[in-house]
Amino acid sequence: MRSRPRPDEIPNKPGAYLFRDAHGRVIYVGKAKSLRSRVSSYFGSGLHPRTRAMVEAAESVEWVITD
């Protein structure tokens, strides 16, 4: 991923998140009770190799708050 979002940029609210590749295609969609916690977890250590490959292939991540 080109640039990782700072935790304070990610809302601490429930919602959905999308990882996109360099062509803008959605490569992963997830949901979370806390977007900040869940999205940040993709940038830590100890990820499954397949998950690590997805994050490395991602160019951007975006989210949608759902109340």
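The values are calculated or read from the model by the stated rules, or taken from the named source; none is laboratory data. If you're wondering where the values come from, they're calculated on a predicted model, not measured in any experiment. Note: ideal-geometry Cβ built from the backbone for every residue, glycine included; neighbour counts use all protein chains shown.
The table that follows gives values for the structure above.
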quantity	calculated
Candidate set from the range 2-47 (those that are modelled with pLDDT under 95 and within 10 Å of the chain's Cα centre (by Cα)); member that is nearest to Asp67 (Cα to Cα)	Pro5
Residue pairs meeting the criteria (Cβ under 7 Å; at least 6 apart or on separate chains; first under 14 Å from Ile27 (Cα atoms) and in contact (Cβ under 8 Å) with a residue 40 or more places away in the chain, in the range 39-67; second among the aliphatic types (A, V, I, L, M) and assigned to a helix (DSSP H, G or I))	Val61/Val39; Trp63/Leu35; Trp63/Val39
Within the chain, strands (runs of 3 or more DSSP E) holding 2 or more residues that are among the β-branched types (Val, Ile, Thr) and surrounded by fewer than 15 Cβ atoms within 10 Å (Cβ to Cβ)	26-32, 60-65
